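The values are calculated or read from the model by the stated rules, or taken from the named source; none is laboratory data. Computed from a predicted structure; not experimentally measured. Reconstructed Cβ throughout: ideal geometry from the backbone, glycine too, with neighbour counts over all protein chains shown. Side chains included, ligands, DNA and RNA excluded: accessible areas come from the protein's heavy atoms. Shrake-Rupley method; radii C 1.70, N 1.55, O 1.52, S 1.80 Å.
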Amino acid sequence: MRSGHRSSLARDAGPAYIVGLAAGLAILLASGSLEIALAHGLTSDLSYIWAGPRAVLDGYDPYDPSQWRAAVEARGTQGFTSPAVYSYPPAVLLVLLPFGLLPLAAAFVIWAVVPPLSAALAVRALLHEAMPAARWVHGLAGLALVLSQPAVVTLRIGQWSYVLLAALAAAIVLTRRGRPIAGAVATAVLLVKVHLMLITFPALALAVPRRDRARYVAALAAVAACPVILTAVARPGWWASWWSHVPLARATEPNVTTAWRVLTDAAGMVGPILAVGLAALALLAIVRVRDDPVAVVALGVAASLAFAPYMRSYDHLIAIAPITMAGARLARRNARAADLGGGAMLAGFIAGTWTL
């Protein structure tokens, strides 16, 4: 009887999620945000992402400063003066090569549709897995996925946030359902922005059931190593150039929203050491609760975002996943309180990101 009642409530939570998504989309349309995204799509961050693989296909070396500048000028895409080369590592560039085969307009359409839709489906699966009966959480998660500040900025400029959120949610769901290989493939997508996930990777590994952990770690290592090895063998100069131009430029960039930057501003050269020390303490705390997979994931993702050496506000969209897991943790004691508590966290996320 209780199982049937819970199933009924779980089915009722789905429409709340759709209502949240629909309300967010309606407000976006009314505000003109989607029109802005369409107007600037071909010079957005997506154009920069696309320009790297396209440069290779056009015969340029994106990790040579002069050739990268020439490639950007030839295509009229977005380019940065710092770093002086394509900012994504060669392994990511290799994976993106098929994307570069598309015309930029087609790439923009695909990027504007597939990542948000994938994130919506993956977050829905995570909500159903973690808090199936939490209507407030479902509704506000749908709203946050479209109407929070990180969501709007991601839609406007074509960043990776929906891709990363979809991959993270899928990795959590798949490993919880006993599919470690598929979970590892989803986790590997997070390597696109590895600096955002430094604590998330060990946390996800700890959250995988012990019987599946070895297969998960082996599969993740294999999937991650393949593009790294291929690019290192085929174009060894790429990695050396990327390393000399990109990490330092990113880690020392001002006005980024992380503890790393705040501590560096406050304490100078000692700041990064303090940040690493605090991150190590956070990881130690996560290890201490390793028998609670829900808490491990929630703490791991939150700590990763807090101590990332470089990030922008659009990256905060990933926080929807740990908020959901925190709500799931509360649900073990009181489902009603978890729904209200998780809903309050998501409402605070929406309001707080705009306020900040």
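Taking the range 129-180, which trypsin sites (Lys or Arg not before Pro) meet the DSSP loop condition and have no more than 16 other C-beta atoms within 10 Å? Provide the component values of the computation, followed by the final result.
Details: sites: R135, R156, R176, R177; in loops: R177.
Here the trypsin sites (Lys or Arg not before Pro) that fit, given the DSSP loop and packing criteria, are R177.
Take the chain, connect every pair of alpha-carbon atoms lying under 10 Å apart with a spring to form a Gaussian network, then pick out the residue of V85, V95, V192 with the largest mean-square fluctuation.
V95
Provide the FRET efficiency to the nearest 0.05 for the D58-A221 pair, computing r from the beta carbons and using R0 = 45 Å. List each step's numbers first, then the result.
Values: r = 33 Å, r/R0 = 0.74.
The pair D58/A221 has a calculated efficiency of 0.85.
Length gain on complete extension for the stretch L102 to A22, per 0.36 nm per residue less the alpha carbon to alpha carbon distance? Each step should come with its number before you reach the end.
On the way: separation 80, 0.36 × 80 = 28.80 nm, distance 3.02 nm.
Length difference between fully extended and current span is 25.8 nm.
What full-extension length gain, to one decimal in nm, is calculated for V114 and A280 as 0.36 nm per residue of separation minus the Cα-Cα distance?
Details: separation 166, 0.36 × 166 = 59.76 nm, distance 3.58 nm.
That pair, V114 and A280, stretches by 56.2 nm at full extension.
Given 0.36 nm per residue, what is the gain on full extension from L230 to D291 after removing their alpha carbon distance, in nm?
18.2 nm
Cα gyration tensor of the range 168-220, axes a ≥ b ≥ c as square roots of the eigenvalues: rounded (a/c below 1.5), prolate (a/b > b/c) or oblate? Don't jump to the answer; show the numbers that get you there.
Values: a/c = 1.77, a/b = 1.57, b/c = 1.13.
Since a/c reaches 1.5 and a/b is larger than b/c, the shape of the range 168-220 is classed as prolate.
Over the range 191-315, with every protein chain in place, what whole percent of the accessible area is carbon and sulfur at 1.4 Å, could you tell me? Display every interim value, and only then the final one.
Working: 4730 of 6400 Å².
The nonpolar share, carbon plus sulfur, comes to 74 percent.
Hey, what's the range 197-356 come to in accessible area per residue, 1.4 Å probe, Å²?
Working: 8180 Å² over 160 residues.
Computed with neighbouring chains in place, this is 51 Å² per residue.
Assuming R0 = 22 Å, can you tell me the calculated FRET efficiency for the pair L356 and I273, based on Cβ-Cβ distance, to the nearest 0.05? Could you put the intermediate results ahead of the total?
Details: r = 27 Å, r/R0 = 1.21.
The calculated FRET efficiency here is 0.25.
Obtain the nm distance between the two label points defined at A240 and E35 by a simple spin-label model: each point lies 7 Å from its Cα along the Cα-to-C-beta direction.
Between A240 and E35, the label points sit 5.3 nm apart.
Within the range 290-315, which residues have the backbone N less than 15 Å from the label spot 7 Å out from R332 along Cα→beta-carbon, could you tell me?
Answer for the range 290-315: 290-300.
Can you give me the C-alpha center-to-center distance between the range 197-219 and the range 123-169, rounded to a whole angstrom?
Each part reduced to its Cα centre gives a spacing of 23 Å.
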